[in-house]
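Structure record follows, encoded as structure tokens.
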Amino acid sequence: MTVTIWAAIVSAVLDAGVGAIYCAKLIRKKARPRIATWLIFEIGVGMSLIAYFSSHDHSALKAVLNVTDALVVTLILAALLIEGRGRRIVFTANEKLCLLISCVTLAVWGLTKTAWIGLAGFQLVMAVAYIPTIESLWHWRPGPAPEPVETWGINAIAALMGIVVDVTGSRRDYLEMIYPLRAFLFCVIVVVLIQRWKRKNDLIRSSSDRSLGTAV
């Protein structure tokens, strides 16, 4: 098999695996994701997939990350809704703005049915989807980080494999390359913020230990 096919397989397996791990952590309450992120992801991956395959120049192999993402995001959103059943869903002001942007983009795409508007617009939506999670991680508070670092780290690797698929393919598809590149960059940002959260916790813990040692 070619490097392109191997990269596509690795990307799909990593994406599916990390989705299963994320759902397990969510159900066991070891992750506290923002539902707004996954609602917007659901809109974005679905419409990006439809827009890409409705264009004349598309490849099933190069869309593998998008296809796997659509399945994984649906499962995670379902797990979130099941886990939070009976509780009122509350959105922050920024989350409401992000949801509004995604709905406006959806409406524009629905009215025009233009493939390039769908591709460009929903890459914007997918970028906006990370904002609630980034906002949640930016406002540090003592305790475990609300997001698991290993799942976002594996997501970054899966996205990197998606970039390899586009770079090594016989036909360069620069539009589809935007999808894994955007995912990789934002996943790296999330990983950095999770590490920042853990580092702040470690500083507080070491400061407390020193205070106790001094007191003794």
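The values are calculated or read from the model by the stated rules, or taken from the named source; none is laboratory data. Model, not experiment: these values are computed from the prediction. Cβ atoms come from the backbone with ideal geometry, glycine included; neighbour counts cover every protein chain shown.
With more than 16 Å from I76 (Cβ to Cβ) and at pLDDT 80 or above as the only criterion, which of V45, V13 stands out? Spell out the reasoning first.
Values: V45 fails: more than 16 Å from I76 (Cβ to Cβ).
Exactly one of V45, V13 is more than 16 Å from I76 (Cβ to Cβ) and at pLDDT 80 or above, namely V13.
Taking the range 167-216 only, how many residues are at pLDDT below 70, over 30 Å from A7 (Cα atoms) and part of a helix (DSSP H, G or I)?
At the first step, the residues of the range 167-216 found to be at pLDDT below 70 are 169-176, 208-216.
Filter again for over 30 Å from A7 (Cα atoms), leaving 208-216.
If we keep only those that are part of a helix (DSSP H, G or I) too, we end up with 208-215.
Matching residues across the range 167-216 total 8.
To keep it simple, each residue is scored yes or no on (1) of a type in the set (S, T, N, Q); (2) surrounded by 15 or more Cβ atoms within 10 Å (Cβ to Cβ); (3) under 18 Å from the mean Cα position of the chain (by Cα).
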site	(1), (2), (3)
V73	no, yes, yes
L77	no, yes, yes
I82	no, no, no
I89	no, no, no
S102	yes, yes, yes
A107	no, no, no
K113	no, no, no
I117	no, yes, no
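Starting from the range 111-126, keep only residues that are within 15 Å of A183 (Cβ to Cβ), then list their pairs with residues that are among the polar types (S, T, N, Q) and modelled with pLDDT of 75 or more whose Cβ atoms are within a distance under 6 Å, requiring at least 6 positions of separation or different chains.
These pairs meet every condition: V125/S102; V125/T105.
Scan the range 143-160 for residues that are within 17 Å of R28 (Cβ to Cβ), at pLDDT 90 or above and assigned to a helix (DSSP H, G or I) and jot them down.
V149
Being touching an Asp or Glu at 6+ places or on another chain (Cβ under 8 Å) and under 28 Å from L100 (Cα atoms) is the filter here, so list the residues in the range 1-26 that pass it.
D15, L26
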